[in-house]
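In what follows, a single structure is set out as structure tokens and then discussed.
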């Protein structure tokens, strides 16, 4: 279908720092015991897209990602892994691989997307409207939405950082305005010309840019060449294209200019051209109406291009792994409501326990749980709505609720872990209590009767017995003294 | 004959059903085939208001009531629109038809129908007068007038097929129908053997239908048929076990397919003919449209569905009379097709794009759809390369066929597109086998360009030149909907400095007239805009009516956007000339007398919703009500009597000359 697919797998994202590391680049972060990139690759594979370009930031990361892909998809996909320098941004990454892009249209997918919206739908919308860019929008995760839904349209600008402002035409086909979270602090500036041409604009704050775009290659390359300062697709390229849709500076493909030339000739000779006939009959979008002038009398058609939106239906799952919160959310969803994404078959108890896992007596694993290969659990443990990775060793009387435990983790007897993310190779000793700790990283040697809640992340902490660590603490490489209470915020 | 009638009338099973009509009134004129001179006098112009879908079905006993052929004299009044012989064979039965028609009032077009309606409404359900109910309008013809001239138009054969296939539809409680249908078929064939030129048409048509007339059905076959019908009825009642039913259908189909007896007769018929005009026969065969898919034939629909690229869910409540037309749940098709975007490997992107634009309704209008399709094919041909060990001619034809079937799934083809496809295939077939691939491709591409240029662009210019001569200062021109040619005519006339006013008549749900209006007003024409409901009010001041057409058929019938017939008839009643502007490539040899047998159904939701009025929501979520059927017809057929003139690229001709153009310039000539 003349589409090329570029997967932007990122490198070691700063937002996810404690989770990702040199060893584990963002693309390989396990979601339900599978690298997050595999969700995108399998989504594409289902759509029969087997020739992919995966762009990874950083040579090391590229090597690791490439190694994993060649191992896992050796005879299923034809993947080229390209390494780009770090911090070039998404636009920079595309610029770097520009010479590999040959097809008419490019599908750009973020590697951290976990969704079941078929990319074909976006591509079809793109083709149907002959758009320059088509962005997939999906309803924002509930956390970002809950309070903003009650307030009216324009107040949403003041809402928490995570909501984007997206303007659509009444038919919800065209993108008229897009502003990412960072810009929203300021007033919204909407171009008069666009508003006038469309007549009506819907402003949505409940939509999220899923970072799945279809670009017309010629347009994309023109923008990337002309605007060398553009770093990010989402923050620079897309808003630019949307802004300039009625005064397009892009020289689209040759055919378009030729057509325009034809039209001019046609107007002069007072003859009818097929292109005109075509334009006459299809219901014109506001672009065409604008291009031909208010009364169809513009001497030279103004150049326009279309920016389309594909809005995924609410029943589809779509999320991006771009924050630690999102990481635990996605892990929970993939084993829970969006379980068809995980690719595992769930048992009758609605959980997945690898046959090689060993469970002690009276240990219960509740629904929506996952237990990886060769993990061992002691007696009287209880696991609820959690994902436990491979080769974990968990002692007796351990409670794991709403948590993600990665691979090779050792948890001592009597621990209680709630709402936490525990990274690989962590060792927790006996009777540690963790509550809502986002991340625990690298080796933690914690001793008995140790309560931690709302801590952000820990790197190599050694903690004695009976500590209480509460809200928002950040502990790095500290050795905590006895009976000290760390409290901040 | 009478059994035809019953099989047809039974096809409405929901009594007292509310049916919402997009075109609330279906006009139908009954036209007798008479030569030109006596036409104005004796030809019956009787626009009958037929309440499509509103009829309540006559109960089964009605079948017996209406009795033998001679007892259905009232139905003669409503001489079948379908089975009337085409005019060229008319001379021999002139007297009989004259006799038939003399009894009918020629009178005013509108009032009698109103009377008729009121009378039917008072009639209780059980005791329908056949002439008033659907029975009357169903294709019935007294054998005397029908069989004598021995000319079956292809539509009549089509209809036969339909009635036959109807037996397999679940909702038809046709118990012992087949037997009598057989006898009728026998008669028909006997007649056709007598006839000279028309035999082939019948034979072809019958042989191309998968369930041909069974001449001598064996006992076993009949039994199997009956059983299948019983099973189908049960399935319809409880909605049970479709698999079972399908299996049945298969079992039944086998014996019924290709009955030996039938084959024998058809071959006899063919061999009888062979001495005479074999070449003509060949031509006919080629030009014969492929058998139309009848969507009330369950087994075939199933089969087609398995092949289909686009997954289609059929709308459950279809209006009975239009069951044979495809209607799908709108809104399910597009997402389904979108999902498959990358799976459709053999589909060329350009073709896909056009298809999805048809499906989404982005692309409307006969000309533009045709041009878009041809340009997509051009793209596909450019990118085409013959696979090894295959010849370009065959492989490319197969490829084009697959594209076409994909496009049909997206939206049924218009007649103009069918003609264009025929042209393209003929060009491919004519390519010399020695021609290099690249040369063949360039020649095809230039052929397509030439077709677009000569048949559409230049033709439009010629039409505009002709039509402008008919516009005088002070004229009030009425147009309906949005036709690209009419728009060009109006704009050109305005540029020439003619002083005239335009009345743009429009109708729900598409309101295409607004786009036209915008352009006209933008250019400074003085316009009036109204909806088709008010057409009788604006008509007195109108001096000419310009209308576009999707197609003009060889009997002069104009097939066009629904509502056109209504406008043309009102204009006729007010003695306003009706000028149809249509390029000659849209002409078709088919003869069609009503808008039932071939039409297109649009999205039923489009008429149940009123845009811009949230408070009018009486029909929200009513689409699945059992007793509600929504009918959104897209086309209608305007009888040639209401048309004063057809402006085409061959000049301005009366509607009767369409057949001449088709004969003289048709076939090879028409397609360059």
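Quick one: in the range B:511-526, of everything that is free of Cβ contacts under 8 Å to residues at least 40 places away in the same chain and within 9 Å of chain A (Cβ to nearest Cβ), which residue is surrounded by the fewest Cβ atoms within 10 Å (Cβ to Cβ)?
In this case the residue turns out to be B:524.
Those residues that are part of a loop (DSSP other than H, G, I, E, B), out of contact with any helix residue (DSSP H, G or I) (no Cβ under 7 Å at 6 or more places or on another chain) and surrounded by 13 or more Cβ atoms within 10 Å (Cβ to Cβ), I need them from the range B:429-455; list them, please.
Within the range B:429-455, B:435 is the sole residue that qualifies.
Looking only at the range B:458-480, which residues are in contact with a helix residue (DSSP H, G or I) (Cβ under 8 Å, 6 or more places away or on another chain) and either crowded, with 21+ Cβ neighbours inside 10 Å or assigned to a loop (DSSP other than H, G, I, E, B) (or both)?
The answer is B:459, B:460, B:463, B:464, B:467, B:471, B:477, B:478, B:479, B:480.
With the checklist (1) surrounded by 20 or more Cβ atoms within 10 Å (Cβ to Cβ); (2) in contact with a strand residue (DSSP E or B) (Cβ under 7 Å, 6 or more places away or on another chain) in hand, flag the one item residue A:61 doesn't pass.
(2)
Among the residues of the range A:426-433, is there at least one that is touching a helix residue (DSSP H, G or I) at 6+ places or on another chain (Cβ under 9 Å), in the same structural domain as residue A:360 (by TED's automatic domain parsing) and not in a loop (DSSP other than H, G, I, E, B)?
The answer is no, given that none of the residues of the range A:426-433 is touching a helix residue (DSSP H, G or I) at 6+ places or on another chain (Cβ under 9 Å), in the same structural domain as residue A:360 (by TED's automatic domain parsing) and not in a loop (DSSP other than H, G, I, E, B).
Every residue, every condition in (1) crowded, with 24+ Cβ neighbours inside 10 Å; (2) over 22 Å from residue B:472 (Cβ atoms), yes or no:
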| residue | (1), (2) |
| --- | --- |
| B:529 | no, yes |
| B:559 | yes, yes |
| B:568 | yes, no |
| B:600 | no, yes |
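Quick one: in the range A:102-118, which of the residues that are within 20 Å of residue A:40 (Cα to Cα) and more than 14 Å from the chain's Cα centre (by Cα) is farthest from the other protein chains (Cβ to nearest Cβ)?
Here the residue is A:106.
Which is touching a residue at least 40 places away in the same chain (Cβ under 8 Å) and within 14 Å of chain A (Cβ to nearest Cβ), of B:452, B:433, B:415, B:471?
The conditions single out B:452.
Do you know which residues across the range B:364-389 are free of Cβ contacts under 8 Å to residues at least 60 places away in the same chain and at the interface with another protein chain (Cβ under 8 Å from one of its Cβ atoms)?
Across the range B:364-389, the qualifying residues are B:369, B:372.
Could you tell me whether any residue of the range B:364-386 is buried (at least 23 other Cβ atoms within 10 Å of the Cβ), in a helix (DSSP H, G or I), modelled with pLDDT under 85 and in contact with a helix residue (DSSP H, G or I) (Cβ under 6 Å, 6 or more places away or on another chain)?
Yes - at least one qualifying residue is present in the range B:364-386.
One residue is enough: does the range B:481-499 have a residue meeting the conditions part of a loop (DSSP other than H, G, I, E, B), crowded, with 21+ Cβ neighbours inside 10 Å and more than 11 Å from every other protein chain (Cβ to nearest Cβ)?
Checked against the condition, which is being part of a loop (DSSP other than H, G, I, E, B), crowded, with 21+ Cβ neighbours inside 10 Å and more than 11 Å from every other protein chain (Cβ to nearest Cβ), the range B:481-499 yields at least one hit.
Residues B:361, B:331: which one is on the phi > 0 side of the Ramachandran plot, at pLDDT 70 or above and more than 7 Å from chain A (Cβ to nearest Cβ)?
Testing whether each residue is on the phi > 0 side of the Ramachandran plot, at pLDDT 70 or above and more than 7 Å from chain A (Cβ to nearest Cβ) leaves just B:361.
Considering only the range A:374-417, state which residues are crowded, with 22+ Cβ neighbours inside 10 Å, under 32 Å from the mean Cα position of the chain (by Cα) and in a loop (DSSP other than H, G, I, E, B).
Hits for the range A:374-417 are A:375, A:386, A:389, A:392, A:403, A:406, A:409.
For the range B:538-551, does any single residue satisfy the condition of being touching a helix residue (DSSP H, G or I) at 6+ places or on another chain (Cβ under 6 Å) and within 14 Å of another protein chain (Cβ to nearest Cβ)?
Yes: the range B:538-551 contains one or more residues that are touching a helix residue (DSSP H, G or I) at 6+ places or on another chain (Cβ under 6 Å) and within 14 Å of another protein chain (Cβ to nearest Cβ).
Let's see how each residue does on (1) buried (at least 21 other Cβ atoms within 10 Å of the Cβ); (2) modelled with pLDDT of 85 or more; (3) closer than 13 Å to residue A:6 by Cα; (4) within 17 Å of the chain's Cα centre (by Cα):
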position	(1), (2), (3), (4)
A:39	yes, yes, no, yes
A:42	no, yes, no, yes
A:76	no, no, no, no
A:82	no, yes, yes, no
A:87	no, no, no, no
A:97	no, yes, yes, no
A:100	no, yes, yes, no
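The values are calculated or read from the model by the stated rules, or taken from the named source; none is laboratory data. Bear in mind the structure is a predicted one, so any value in this text is a computation, not a measurement. Neighbour counts are summed over all protein chains in view; Cβ atoms, including those assigned to glycine, are modelled from backbone coordinates with ideal geometry.
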